[in-house]
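S.K.: Submitted below is the structure of interest, expressed as structure tokens.
The values are calculated or read from the model by the stated rules, or taken from the named source; none is laboratory data. Quick caveat: nothing in here was measured; it's all calculated off a predicted structure. Using ideal geometry, Cβ is built from the backbone for each residue, glycine included, and neighbour counts are taken over all protein chains shown. When the accessible area is computed, the model is the full protein with side chains, heavy atoms only, and any ligands, DNA or RNA have been set aside. Shrake-Rupley method; radii C 1.70, N 1.55, O 1.52, S 1.80 Å.
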Amino acid sequence: MPAAVSSPIPPVLVRLGPLDIGQVADLRTFLDQVPDPRARRGRWYSLTAILLVCACAAVSGARTVDEIAEWTARASETVLMAVGVRRHPLQWRRAPSRTTIGRVLAAVDGDALDKAIGAYLAGRNAAGPEPEQRRVIAVDGKSLRGSARLTAGRRHLLSAVTHHRALTLAQAEVGAKTNETAHFRPLLEGLDLDGALVTFDALHSVQANVTWLVETKNAHYIAVIKRNQPTAHRQLAALPWSDVPVQHTTSSTGHGRHESRSIKTCGIADELGGIAFPHAHLALRVHRRRLQTGRRESRETVYAVTSLDAHQTTPAELAAAVRGHWSIEALHHVRDVTYAEDASTLHTGTAPRAMATLRNLAIGLLKTLGAANIAKTTRAIRDQPERALPLLGILNNPDPHGT
């Protein structure tokens with residue numbers, strides 16, 4: 001068992017509430033499914049042990065490989081034993097070095113790591129409190145700005161993220177943003193989408209993808225249409241919205257601004273102006289008004305189409321789903337601000353993607369526990385490495401002969 005933390009628990013961790021040990025899955029079980037890219041000869045640390053060290057450090061706020069190594073250097077022998085670091089014949093345990101960690105992250109199978117982490121977070125989402133009436137998942141991409149080099153462009157990742165808690169269920173490296181459409185189906189192929197609602201922008205609104213989503217995966221969709229899709233946007237805007245009453249409104253105040261949103265829905269045919277939206281039944285018009293302290297009022301209108309019928313949903317649910325699509329942007333914001341992802345210049349092998357996966361794990365895990373401020377929570381965990389272990393279900397020594 002990891003040693004008990006003797007210092008008082010910070011208030012930010014108290015707000016996470018007590019862990020239900022019976023409901024916390026052990027991350028090791030999932031990481032054991034990731035193949036080890038290293039030759040058998042010369043291995044001292046298991047792949048699972050190194051990945052667990054990285055996961056614990058990420059939950060503690062580590063932003064770089066150097067910071068992961070620094071976290072590991074602070075870890076006690078009890079912590080190293082708990083994550084599976086073997087004891088040396090001379091009866092001591094040595095933490096993996098920065099070089100070892102960096103080489104493993106650069107060589108690890110990115111697809112397998114994302115699959116393992118996605119499955120772990122999906123299980124945490126299913127076991128978490130306050131389940132959604134309908135599962136809603138956003139699909140969007142993000143570029144890793146610092147990963148570009150003269151001989152290679154920046155890495156681009158496509159992700160499927162739950163609206164509720166912002167958990168990354170699947171992630172894939174697609175090369176460039178223009179490749180997102182081709183990776184839409186492979187990204188979602190392994191997910192259970194039966195009855196789920198998938199939100200995405202017009203980049204993915206191609207007939208084959210939308211038809212597959214509805215007919216093969218038995219899912220619904222909301223496709224947000226932006227101005228960079230001028231034909232579809234123009235034809236949606238031309239619908240008789242002036243004859244349609246506002247069906248739902250919401251407002252919120254915070255961070256020095258007041259924002260109000262209204263939604264209208266309009267029935268549409270299977271074909272909209274010659275652009276196919278298979279199984280589309282409703283067009284949506286969301287109008288936003290924002291007044292920020294010291295600035296002029298701004299207004300924005302967003303259009304979308306959905307496969308849901310009027311009897312299957314409500315304007316309030318549709319408005320929440322359109323707004324919730326930007327939850328993936330909130331996840332990206334945390335990765336950029338709290339974890340300094342855009343400032344990272346890591347570019348070797350799969351390391352940039354692997355670090356993004358670890359950030360997804362840490363953010364999603366803390367969100368399921370109720371963390372309101374990821375930065376404050378990670379700082380509270382960072383000072384005592386033992387605090388990260390139970391969050392990942394690491395409660396015992398995996399090697400009974402290593403003690």
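S.K.: Search the stretch 169-183 for residues being over 11 Å from the mean Cα position of the chain (by Cα) and open to solvent by less than 50 Å² (accessible area, probe 1.4 Å), and hand back the single one that is modelled with the lowest pLDDT.
M.R.: My answer is A176.
S.K.: So, one more: Looking at the stretch 363-378, can you tell me whether even one residue there is charged (D, E, K, R) and touching a strand residue (DSSP E or B) at 6+ places or on another chain (Cβ under 8 Å)?
M.R.: Scanning the stretch 363-378, I find no residue that is charged (D, E, K, R) and touching a strand residue (DSSP E or B) at 6+ places or on another chain (Cβ under 8 Å), so the answer is no.
So that you can scan it fast, the table gives a plain yes or no per residue for (1) of a type in the set (F, W, Y); (2) assigned to a helix (DSSP H, G or I):
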{"site": "D309", "(1), (2)": "no, no"}
{"site": "Y339", "(1), (2)": "yes, no"}
{"site": "T345", "(1), (2)": "no, no"}
{"site": "P352", "(1), (2)": "no, yes"}
{"site": "A356", "(1), (2)": "no, yes"}
{"site": "I363", "(1), (2)": "no, yes"}
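S.K.: Here's a follow-up. What number goes with the only condition from (1) over 27 Å from A375 (Cβ atoms); (2) open to solvent by less than 50 Å² (accessible area, probe 1.4 Å) that I50 does not pass?
M.R.: Unmet condition: (1).
S.K.: Given A316, A304, A343, which one is closer than 15 Å to A138 by Cα and either modelled with pLDDT of 90 or more or in contact with a helix residue (DSSP H, G or I) (Cβ under 8 Å, 6 or more places away or on another chain) (or both)?
M.R.: None of the others qualify; the one that does is A304.
S.K.: Looking at the stretch 385-400, is at least one residue over 30 Å from A202 (Cβ atoms), of a type in the set (D, E) and buried (at least 17 other Cβ atoms within 10 Å of the Cβ)?
M.R.: yes
S.K.: Are any of the residues in the stretch 61-71 more than 19 Å from A351 (Cβ to Cβ) and open to solvent by 10 Å² or more (accessible area, probe 1.4 Å)? First the steps, then the outcome.
M.R.: Of the stretch 61-71, the ones more than 19 Å from A351 (Cβ to Cβ) are none.
No, every residue in the stretch 61-71 fails to be more than 19 Å from A351 (Cβ to Cβ) and open to solvent by 10 Å² or more (accessible area, probe 1.4 Å).
S.K.: With the condition kept exactly as written, say whether any residue in the stretch 240-250 is small (G, A, S), out of contact with any Cys (no Cβ under 9 Å at 6 or more places or on another chain) and over 30 Å from D114 (Cα atoms).
M.R.: Step one: list which residues in the stretch 240-250 are small (G, A, S), which gives 242.
Right, trim to out of contact with any Cys (no Cβ under 9 Å at 6 or more places or on another chain) and you get 242.
The next check asks that each one be over 30 Å from D114 (Cα atoms); those that pass are 242.
Within the stretch 240-250, one or more residues are small (G, A, S), out of contact with any Cys (no Cβ under 9 Å at 6 or more places or on another chain) and over 30 Å from D114 (Cα atoms).
S.K.: Does D342 satisfy the condition of being open to solvent by 40 Å² or more (accessible area, probe 1.4 Å), in contact with an Asp or Glu (Cβ under 9 Å, 6 or more places away or on another chain), closer than 28 Å to A119 by Cβ and without any contact (Cβ under 8 Å) to a residue 12 or more places away in the chain? Quick ask: steps written out before the conclusion?
M.R.: Details: open to solvent by 40 Å² or more (accessible area, probe 1.4 Å): yes; in contact with an Asp or Glu (Cβ under 9 Å, 6 or more places away or on another chain): yes; closer than 28 Å to A119 by Cβ: yes; without any contact (Cβ under 8 Å) to a residue 12 or more places away in the chain: no.
Judged against the criteria, D342 is not a match.
S.K.: For the stretch 55-116, which helices (runs of 4 or more DSSP H) that fit wholly inside it have 3 or more residues that are closer than 23 Å to K367 by Cα? Even if it seems obvious, please write down each step before you answer.
M.R.: Working: elements: 65-74, 77-83, 98-107.
Correct list: 65-74.
S.K.: Can you pull out the residues in the stretch 102-117 that are under 16 Å from T345 (Cα atoms) and either in contact with a Cys (Cβ under 9 Å, 6 or more places away or on another chain) or among the hydroxyl-bearing types (S, T, Y) (or both)?
M.R.: Quick first cut of the stretch 102-117, residues under 16 Å from T345 (Cα atoms) only: 102-103, 105-106.
Hit for the stretch 102-117 is L105, nothing else.
S.K.: It is to be established whether one or more residues within the stretch 140-148 are surrounded by 18 or more Cβ atoms within 10 Å (Cβ to Cβ), part of a helix (DSSP H, G or I) and not hydrophobic (A, V, I, L, M, F, W, C). Give the steps one after another, and end with the answer.
M.R.: As a first pass, look at the stretch 140-148 and keep what is surrounded by 18 or more Cβ atoms within 10 Å (Cβ to Cβ): 140-142, 144, 147.
From what is left, the residues that are part of a helix (DSSP H, G or I) are 147.
Remaining after also requiring not hydrophobic (A, V, I, L, M, F, W, C): 147.
Yes: the stretch 140-148 contains one or more residues that are surrounded by 18 or more Cβ atoms within 10 Å (Cβ to Cβ), part of a helix (DSSP H, G or I) and not hydrophobic (A, V, I, L, M, F, W, C).
S.K.: Another question, if that's okay. How many residues, within the stretch 27-41, are out of contact with any Asp or Glu (no Cβ under 8 Å at 6 or more places or on another chain), part of a loop (DSSP other than H, G, I, E, B) and under 15 Å from I117 (Cβ atoms)?
M.R.: So the answer is 2.
S.K.: T162: β-branched (V, I, T), within 24 Å of A319 (Cα to Cα) and open to solvent by 80 Å² or more (accessible area, probe 1.4 Å), yes or no?
M.R.: For T162, the condition - β-branched (V, I, T), within 24 Å of A319 (Cα to Cα) and open to solvent by 80 Å² or more (accessible area, probe 1.4 Å) - is not met.
S.K.: On to the next question. I'm trying to understand the selection: among the residues of the stretch 192-223, which are open to solvent by less than 60 Å² (accessible area, probe 1.4 Å), over 19 Å from S327 (Cα atoms) and touching a residue at least 60 places away in the same chain (Cβ under 8 Å)?
M.R.: G195, S205, V210, T211, V214
S.K.: I would also like to ask the following. Can you find even one residue in the stretch 159-168 that is in a strand (DSSP E or B), under 18 Å from R323 (Cα atoms) and at pLDDT below 85?
M.R.: no
S.K.: Filter the strands (runs of 3 or more DSSP E) completely within the stretch 207-283 down to those with at least 2 residues that are farther than 23 Å from D140 by Cα and modelled with pLDDT of 85 or more.
M.R.: Where strands (runs of 3 or more DSSP E) fall fully within the stretch 207-283 and carry at least 2 residues being farther than 23 Å from D140 by Cα and modelled with pLDDT of 85 or more, they are 248-254, 257-267.
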